[in-house]
1. Considering only residues that are farther than 15 Å from CYS36 by Cβ and of a type in the set (Val, Ile, Thr), which ones fall in the range 50-64?
2. Mind listing whichever residues of the range 45-75 are buried (at least 18 other Cβ atoms within 10 Å of the Cβ) and within 9 Å of the chain's Cα centre (by Cα)?
3. Consider the range 33-62. How many of its residues are within 10 Å of ARG76 (Cβ to Cβ) and either among the aliphatic types (A, V, I, L, M) or in contact (Cβ under 8 Å) with a residue 60 or more places away in the chain (or both)?
4. Among (1) among the hydrophobic types (A, V, I, L, M, F, W, C); (2) part of a helix (DSSP H, G or I); (3) open to solvent by less than 60 Å² (accessible area, probe 1.4 Å), there is one condition CYS28 misses while meeting the rest; what is its number?
5. Restricting the search to the range 41-74, which residues are among the small types (Gly, Ala, Ser) and modelled with pLDDT of 95 or more?
6. Mind checking whether some residue in the range 65-77 is over 25 Å from GLN13 (Cβ atoms) and not polar (S, T, N, Q)?
Amino acid sequence: MTASTRSTEKEAQALAARVACALAMPQCPSPCINVCQIDPASGLCRGCWRTLDEIAHWAVLDEEEKQAIWRALPARSQTIVPR
């Protein structure tokens, strides 16, 4: 196993823990980690893996919509170049 693979696995585990924590809260927090870089190929933020539309509308989304976005983040994180 390479250092890069270990790092990727560690990041995936950390994200899974963040998702579980966010979904357990009464109100889903924003997934923003202040790494705001949009990947041109996917249109996703490299920090939080949300679309610009999701970022812009986060404050007005209901809890179900926020939870759905949180659940999608692990798969999305595998689709773009790591930060």
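The values are calculated or read from the model by the stated rules, or taken from the named source; none is laboratory data. Remember, predicted model here, so these are calculated numbers, not experimental data. Reconstructed Cβ throughout: ideal geometry from the backbone, glycine too, with neighbour counts over all protein chains shown. SASA here: full protein model, heavy atoms, side chains in, ligands and nucleic acids out. Shrake-Rupley method; radii C 1.70, N 1.55, O 1.52, S 1.80 Å.
1. VAL60
2. Correct list: CYS45, CYS48, TRP49, ARG50, ILE69, TRP70, LEU73.
3. Looking only at that region, the number is 1.
4. All conditions pass for CYS28, except number (2).
5. Of everything in the range 41-74, those that are among the small types (Gly, Ala, Ser) and modelled with pLDDT of 95 or more turn out to be ALA56, ALA59, ALA68, ALA72.
6. The answer is yes; a qualifying residue exists.
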